[in-house]
1. Which whole-Hz couplings ³J(HN,Hα) result when phi for each residue of the range 90-103 is put into the Karplus expression 6.51 cos²θ - 1.76 cosθ + 1.60, θ = phi - 60°, listed in order with x for Gly and Pro?
2. Rounded to the nearest 20 Debye, what is the dipole magnitude of the range 47-142 about its Cα centre when Lys and Arg each give +1 and Asp and Glu each give -1 at the C-beta?
3. With a ≥ b ≥ c the root eigenvalues of the C-alpha gyration tensor of the range 74-142, is it rounded (a/c under 1.5), prolate (a/b larger than b/c) or oblate?
4. Please identify every one of the trypsin sites (Lys or Arg not before Pro) in the range 89-142 that sits in a loop by DSSP and has no more than 12 other beta carbons within 10 Å of its own beta carbon.
5. So which of Lys106/Lys135; Lys66/Lys135; Lys90/Lys123; Lys104/Lys132; Lys39/Lys107 end up more than 26 Å apart, counting from Cα to Cα?
Amino acid sequence: MTTATTARSGTIAMMNLIINYMSVFKTKYKDRTEKRTVKFVGVHLPLSLNTYLTLFALAGDTTKSKIILNELTKWMEEMGENMCIDTLCKQLSRNAYETYQEQKKKKTLVKFLTEMEIELLRKGIPPEIVIKIRKGVRNETY
């Protein structure tokens, strides 16, 4: 057996070990059916914060997702009226209208609204909310 063959078989053995690794900690994974009602949001964290969050989750027999979800829920409750969807839609409509005012010489309102709708839909905003924002921009223009 050559050195390369031995190294390769050692690597394969290590990969099999990692694949078949059973976690010492209780980790609860989400049910596949839950995917329809939740959305993955990626975030970059400093390594120190990620380490702390991981240790906190493992020590508390919970998940990082549950910790972050809990904190975001508290934050939303603290925001109160400033966080309601209607208020956010009005603010987005105003922001979009101001952007349109800057681009008015380059784009028609219809083209601007179409591009805005596409962008919002790509970002995962539900169509009924996109329509509400579009109406808000149109109301600002008249």
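Every read-out reported here was derived from the displayed coordinates using simple, explicitly stated rules and does not represent laboratory data. Worth saying up front: this structure is predicted, and the values here are computed from it rather than measured. Methodologically, a virtual Cβ is constructed for each residue, glycine included, from the backbone with ideal geometry; neighbour enumeration extends over all protein chains shown.
1. 4, 5, 5, 4, 4, 4, 5, 4, 4, 5, 4, 4, 6, 9
2. About 620 debye.
3. prolate
4. On the way: sites: Lys90, Arg94, Lys104, Lys105, Lys106, Lys107, Lys111, Arg122, Lys123, Lys132, Arg134, Lys135, Arg138; in loops: Lys104, Lys105, Lys106, Lys107, Lys123.
Listed in order of number, the matching sites are Lys104, Lys105, Lys106, Lys123.
5. Lys66/Lys135; Lys39/Lys107
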